[in-house]
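*Asks:* Before I ask anything, here is the structure I am working with.
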Amino acid sequence: MTNTGVYTAVQPMLFPPLYMVARAAVCHHVVLLGEAQFTRGTYQNYCELPFGKVSIPLIDKGRRPLDEIRPMSWQTFFHGMCAKMISHYPPSRYLDDFIDYFIGLNCESVLEYGFESLRYLLDKAQFKSAIVVAKTLVPIRPTDPSEWIAELGSKLGGAAYFCSESALTKYLDVAPFYSREIQVVPQVWNCVGPAYISAIDCLVTQGPYALRERILSGYLA
């Protein structure tokens, strides 16, 4: 279930939360904003698993684009995360599949791990959204974020930008979109349970079909 001509833009996140996967799932294109700036010493994805937040130590610090930020040691980080997951979750083939897939990754940047995380979740729930990196569409980022995201949509041939309600009320300027004949549509999605919990939690406990149904049912509520 994807809507042709509809796109969204998100910062790359490690094991993204349900609300982000739900927004990506119904769009034709998902743009990863790798040029978004990073200022902390750990990459914090601000979504949670039941045993706490997930963050990955980084080599680089300072104000740098996320596509230039490198993890310190993926293997060390992920082994520690797996130990917590195995102690918290009952054994299942879904948990085994998740561990087997991610333990072998060897990516160069936070952007790539965010790409792999989102692609894995969408594939498991059988959503066909295409993930695109912003820099491949607009090599030089405009200073104004609304102008940037609108121009990304223009390059995609987008007819509508699907955004979070908070983005629309807090910072998004709709003028650059309307000047390109792109509609701005806020996400109205009602989740049973906390929407900020990583979608991985639903996947490893209930399986891919349950993840798909949870995403779609939120749009019907």
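*Asks:* Answer with yes or no whether Val184 is in a strand (DSSP E or B) and either basic (Lys, Arg) or on the phi < 0 side of the Ramachandran plot (or both).
*Replies:* Against the criterion (in a strand (DSSP E or B) and either basic (Lys, Arg) or on the phi < 0 side of the Ramachandran plot (or both)), Val184 qualifies.
*Asks:* Sticking with this structure for a sec: For the range 195-205, give me each residue that is of a type outside the set (A, V, I, L, M, F, W, C) and either part of a strand (DSSP E or B) or more than 19 Å from Phe102 (Cα to Cα) (or both).
*Replies:* Passing the criteria: Tyr196, Ser198.
*Asks:* Looking only at residues that are closer than 21 Å to Gly114 by Cα and among the aromatic types (Phe, Trp, Tyr) in the range 162-216, which one is farthest from the chain's Cα centre (by Cα)?
*Replies:* Phe162
*Asks:* Could I ask something else about it? Of the conditions (1) of a type in the set (S, T, N, Q); (2) modelled with pLDDT of 90 or more; (3) out of contact with any helix residue (DSSP H, G or I) (no Cβ under 9 Å at 6 or more places or on another chain), Thr169 fails just one. Which one is it?
*Replies:* Of the numbered conditions (1) of a type in the set (S, T, N, Q); (2) modelled with pLDDT of 90 or more; (3) out of contact with any helix residue (DSSP H, G or I) (no Cβ under 9 Å at 6 or more places or on another chain), the odd one out for Thr169 is (2).
Every residue, every condition in (1) of a type outside the set (Asp, Glu); (2) under 21 Å from Phe15 (Cβ atoms), yes or no:
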position: Glu147; (1), (2): no, no
position: Glu151; (1), (2): no, no
position: Glu165; (1), (2): no, no
position: Trp189; (1), (2): yes, yes
position: Gly193; (1), (2): yes, yes
position: Leu203; (1), (2): yes, yes
position: Ala210; (1), (2): yes, yes
position: Glu213; (1), (2): no, yes
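*Asks:* Scan the range 82-106 for residues that are within 20 Å of Met13 (Cβ to Cβ) and out of contact with any helix residue (DSSP H, G or I) (no Cβ under 9 Å at 6 or more places or on another chain) and report the count.
*Replies:* Going through the range 82-106 one residue at a time, the tally reaches 1.
*Asks:* Ok, one more. When you scan the range 82-105, how many residues do you find that are under 22 Å from the mean Cα position of the chain (by Cα) and either under 25 Å from Val133 (Cβ atoms) or β-branched (Val, Ile, Thr) (or both)?
*Replies:* 7
*Asks:* Restricting to the range 123-172, count the residues that are outside any loop (DSSP other than H, G, I, E, B), touching a residue at least 40 places away in the same chain (Cβ under 8 Å) and closer than 22 Å to Val188 by Cβ.
*Replies:* Of the residues in the range 123-172, 6 are outside any loop (DSSP other than H, G, I, E, B), touching a residue at least 40 places away in the same chain (Cβ under 8 Å) and closer than 22 Å to Val188 by Cβ.
*Asks:* Same structure, new question: I'd like the residue in the range 49-99 that is of a type in the set (Ser, Thr, Tyr), part of a helix (DSSP H, G or I) and in contact with a Pro (Cβ under 9 Å, 6 or more places away or on another chain) and, out of all such residues, is modelled with the highest pLDDT.
*Replies:* Tyr94
*Asks:* Sort through Gly104, Gly52, Gly62 and tell me the only one that's under 17 Å from Gly34 (Cα atoms), loosely packed, with under 12 Cβ neighbours inside 10 Å and small (Gly, Ala, Ser).
*Replies:* Result of the check over Gly104, Gly52, Gly62: Gly62.
The values are calculated or read from the model by the stated rules, or taken from the named source; none is laboratory data. Just so you know, these numbers come straight off a predicted model, no measurement behind them. Every residue, glycine as well, gets a Cβ built from its backbone with ideal geometry; the counts of neighbours run over all protein chains shown.
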